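Accompanying notes for the structure given below.
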Amino acid sequence: MTTTMFDQIFGLPVHALVVHAAVIFAPLLAALSIAYAVLPRVRHRLDWALVATALAALVSVFAAKESGEQLEHRMFQGQVSEAIEVHSGLAETLLPVTALLTVVSLALVWLTRARRAPEGTGPRTVVLVVSGVAVILAVAVAYYAVRTGHTGATAVWGD
């Protein structure tokens, strides 16, 4: 069996190490995205925090998903439990939803920063629509992050 960068680090499963970053950054991205969308007065204070968190969330969710697949293959070799199947299915949804929220959050920062510039062009209607989409995606990311984490913990540690 060939090893990949998502398999092990110093004999420990990568998934056990990186999953904690995803558990922190995905819900944090959701919270910051909602705050950025609904609190225009504090946007200037959240710009770079949202950008950094969006990128960290996407990278950590991707790494958690990939390392989870490696761990699943190593431990179960195709004979996974129903609990692992549920967890894996939720992770399959969390990644693209996080990617979408990352793109929408970055677009929202770009649009609102453009509006703050003296000759900024960011139609108010577009900012409102993108803000609404960001809130919807943020709720989805928060839901899938919590459910994915909970089902993973339940699969490992039981009820």
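The values are calculated or read from the model by the stated rules, or taken from the named source; none is laboratory data. Quick caveat: nothing in here was measured; it's all calculated off a predicted structure. Every residue, glycine as well, gets a Cβ built from its backbone with ideal geometry; the counts of neighbours run over all protein chains shown. Surface accessibility is based on the protein's heavy atoms, side chains included, excluding ligands, DNA and RNA. Shrake-Rupley method; radii C 1.70, N 1.55, O 1.52, S 1.80 Å.
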Just the number, please: carbon plus sulfur as a percent of the accessible area of the stretch 1-132, 1.4 Å probe, no ligands or DNA/RNA counted. 68
Within 10 Å, count the other beta carbons around each residue, average over each peptide in 85-95, 123-133, and list them highest first. 85-95, 123-133
Tilt of helix 14-38 relative to the longest C-alpha principal axis of the chain, in degrees (0 to 90, nearest 10)? 20
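Hey, what's the per residue convex hull volume over the C-alpha atoms of the stretch 28-159, in cubic angstrom?
98
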Past the 18 angstrom mark, what percentage of all C-alpha to C-alpha distances in the stretch 1-105 do you count? 52
Rounded to two decimals, the Debye log10 I(q)/I(0) of the stretch 1-44 (Cα scatterers, no solvent) at q = 0.24 Å⁻¹ is -0.81
Hey, with R₀ at 30 Å, roughly what FRET efficiency would L17 and T125 work out to, going by the Cβ-Cβ distance, to 0.05? 0.10
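How high is the FRET efficiency from V139 to F76, r the C-beta distance, R0 30 Å, rounded to 0.05?
On the way: r = 32 Å, r/R0 = 1.07.
Computed FRET efficiency for V139 and F76 comes out at 0.40.
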Averaged per residue, the 1.4 Å probe accessible area of the chain, protein heavy atoms only, in Å², is roughly 58
